[in-house]
Every structure is written in C-alpha cells, then in structure tokens.
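Since the structure comes first, as structure tokens, the remarks are kept for the end.
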Amino acid sequence: MASEWQCFFDESKKPEHYERTVTYMKEFVDKCMRQDRPIVLVSSGGTTVPLESRTVRFIDNFSVGTRGATSTEYLLQQGYAVIFLHRRGSLEPFKRHFTHTNLLDLLVTDGGTVHVKDEDSDRVRHLLERYVAVTEAGTLLSVAFTSLNEYLYLLMGAAQVLKTYRHQAMFYLAAAVSDFYIPANEMPEHKIQSDGVPLQISLQLVPKMLQPLVTEWSPDAYVVSFKLETDQDLLIPKARKALKRYSHQLVVANILETRKKYVVMVTQESEQIVKMDDEELSRGQEIEAKIVEEVVKRHRMFIEQRQAETVGF
Ligand code: PMT
C-alpha cells in the first residue's frame, strides 16, 4: 500500500521544469563530489497553500527567509557548496544586504563614471569580493519555489540526488513549511466567488516529509531540522518529539519573537543554548554565524565517525 507521502506526491502537480531542475542539481552535486566539497541543502522562506488551482488566493506565513539566506553565506564561508532552496522573492544571500537600501543612494557620478560613495565603499567592496569568489567557484545553486507542493517536490528531488553523497551531505531545513493544504482534487479551478456567503475551507494534514527524507531519500545524510513555536513550554518537548520520531541528528529550536537572539540546539543526548548579547547585536553580528559554526563542527564529527565506522567495518 502506498504511504501517505507517496499519496501526497501522486495527487500533487509537479513544479514546472521539475526534471530539468533535478538535472541541474545532479550536475552541481557531481561537480562538488569530484572536488570532495561538502554540500548542504538549505531550505528557506515560507510555502504558500493555494486555495484555487488557477490561483488568485493562497495562505501564506510570516517567514521572509532571513535564517536561510544568512546561514547560506556562513556555510559558503565554511567551504560548503549550497543548494539554496528558497521561496521565490524571499531574502537571498548577498542580495539581502540591500533589501532596505535604494541602490541609487549608494552611487555618485562625476558626469562620466559611476562610483560607490566613499562612506559605503568598504562595505560594498567586502561584500562584492565574497560574492565574486562564490560566483567564480560555482558553489551556490539557487532553486526557487512558491507553493507547498513545489517545495516538497524539489526537496524530494534534491534529497534523492544527494543520496549518493551519503554523510558528506547535510540538510539545513529552515523553511517554514505549511502543515495544512487543500488536495488538488478538492480545490476549485476558478477564483472562489464571494456572492455574500462566508467562506469555509477544510484543510488536510500534510505528511511530514522528514520521515521519507531520513529513511529513503537520503538516509546517510546529516539532517538539521528547525522547530518553531510561540509557546516556550512546548519548544523543547516538541523538538525532542521530532528527534524521537525521525531519529535525525539535530533540531534547532526557536521561538518566533526571539529567533534572532536565542536558539537551542537539541540532540537525543544534549541541549545547547546559542544566544546573542545586546553588544553583539548592536555591532550587527548575526546569530546564524554561531549556529552555522556549531552545526559545521557537528557535521565534521559525524563524517569522521561514519568514515571510521566504514574503515573499521
Ligand atoms: O525565515 P525567518 O523569518 O528568518 O524565520 C526563520 C524560521 C523561524 C522560519 C526558522 O528558524 C524555523 O524555525 N523554521 C522551521 C519552521 C517550521 O516550519 O517548523 P515546523 O514545526 O512546522 O516543522 C518542523 C520541521 O518539519 C521543519 O524542519 C520542516 O522542514 C519539517 N516539515 C514540515 C512540514 C512538513 N510537511 N514536512 C516536514 O518535514
């Protein structure tokens, strides 16, 4: 009998150009494997849940992709190649630094050449150098999704491609993924009419894709999931429940309001608080630098352990 996750995919439409995107991901992974470079899939931003198949309205969530885009920059600095699976239009590595800036305000001209203003020059040069290094090395592959089923299809495709890279592959699942959806066969084709009648919608549960990820798609990878709650009392118990259910390596637990200054890294055996003090925040430092440093340390240890087991075996 088909499992819940298989039924979900059987009933859901594949994203446009799905096969082509999986081919790009495979070429990217093959190149990184030849270079013996560790690879991480970072998921980032929120998924939409369409209410109509010719979609006018959809349900969305708060995530703007700060965690994923910021972490990607630090992972690249640590020598990883990154498949950046992100919500179309959400924050992206490097570009994110200009989200609140009008590019034209950074520039001056003497009538001929255009320059970056002196006061912004160091900041822009530093960023440009990092961006050019990543572009030349070809270590960042951006893949965009909008809806829940696009996200889940692309996650599955990437995970199946990464399977061959075994423990050198990491998943860093920072996207805010909807737990509820309307199956395609229950969705109206056209725009829902109001006609003066209140709308009632019934949403079905989305199967948790961590389960096939860790058991079938990429069973030897290092998997980091994120857990978001608004009730502090639920945070650690829910993180522990996820670890117990999926037996993956790490849950990064965070509360909506404090997610930029406080997270807890939870494993089967331990809990480690990672936090920022006011001085660090006022200097513009980012908690993702600390999260990534710790995650990379743990992934390296995981690789060493797995390699030692293989040699011993
Ligand atoms: O983007 P920002 O504004 O910076 O915010 C960052 C963040 C708060 C979104 C991020 O830090 C975070 O906590 N992301 C996870 C939020 C979330 O969706 O939690 P969840 O409890 O719904 O899911 C837990 C895990 O299950 C997630 O890793 C998710 O990938 C996975 N999942 C979710 C739904 C689903 N159908 N299958 C899954 O496997």
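Scanning the range 282-313 for residues that are aliphatic (A, V, I, L, M), surrounded by 14 or more Cβ atoms within 10 Å (Cβ to Cβ) and farther than 18 Å from SER225 by Cβ yields ALA289, ILE303. Across the range 60-77, the qualifying residues are those that are polar (S, T, N, Q), part of a helix (DSSP H, G or I) and more than 6 Å from the ligand (Cβ to nearest atom), and the one among them that is farthest from ALA174 (Cα to Cα) is GLN77. For the range 29-50, name all the residues that are part of a loop (DSSP other than H, G, I, E, B), out of contact with any strand residue (DSSP E or B) (no Cβ under 6 Å at 6 or more places or on another chain), away from the ligand (no atom under 16 Å from the Cβ) and on the phi < 0 side of the Ramachandran plot. Once the filter is applied, which keeps residues that are part of a loop (DSSP other than H, G, I, E, B), out of contact with any strand residue (DSSP E or B) (no Cβ under 6 Å at 6 or more places or on another chain), away from the ligand (no atom under 16 Å from the Cβ) and on the phi < 0 side of the Ramachandran plot, the range 29-50 yields GLN35, PRO38.
Number of residues in the range 260-281 that are near the ligand (Cβ under 10 Å from one of its atoms) and either open to solvent by less than 60 Å² (accessible area, probe 1.4 Å) or among the hydrophobic types (A, V, I, L, M, F, W, C) (or both) equals 1. GLU150 meets each of the listed conditions (1) closer than 21 Å to VAL49 by Cα; (2) within 11 Å of the ligand (Cβ to nearest atom); (3) touching a Pro at 6+ places or on another chain (Cβ under 9 Å) apart from (2). Residue pairs whose Cβ atoms lie under 8 Å apart, separated by 6 or more positions or on different chains, with the first residue in the range 78-105 and touching a residue at least 60 places away in the same chain (Cβ under 8 Å) and the second among the acidic types (Asp, Glu) and open to solvent by 70 Å² or more (accessible area, probe 1.4 Å), are GLN78/GLU293. When GLN249 is tested against (1) open to solvent by 40 Å² or more (accessible area, probe 1.4 Å); (2) more than 16 Å from the ligand (Cβ to nearest atom), only condition (2) is not met.
With respect to the conditions (1) out of contact with any helix residue (DSSP H, G or I) (no Cβ under 7 Å at 6 or more places or on another chain); (2) within 10 Å of the ligand (Cβ to nearest atom), LYS191 falls short on a single one, namely (2). Among the residues of the range 91-126, those that are closer than 20 Å to LEU140 by Cβ and not β-branched (Val, Ile, Thr) comprise LEU91, GLU92, PRO93, PHE94, LYS95, ARG96, HIS97, PHE98, ARG125, HIS126.
Hey, can you tell me all the residues within the range 117-139 that are more than 32 Å from the chain's Cα centre (by Cα) and not in a helix (DSSP H, G or I)? The one that is more than 32 Å from the chain's Cα centre (by Cα) and not in a helix (DSSP H, G or I): LYS117. Is it fair to say ARG54 is at pLDDT below 95 and either closer than 30 Å to SER202 by Cβ or within 11 Å of the ligand (Cβ to nearest atom) (or both)? In short, yes.
The values are calculated or read from the model by the stated rules, or taken from the named source; none is laboratory data. Fair warning: this is a prediction, and the values are worked out from it, not measured in the lab. Positions of Cβ are generated from backbone atoms using ideal geometry, with glycine treated the same way; all protein chains shown enter the neighbour counts. Just so you know, the surface numbers come from the protein's heavy atoms only, side chains and all, with ligands and any DNA or RNA stripped out. Shrake-Rupley method; radii C 1.70, N 1.55, O 1.52, S 1.80 Å.
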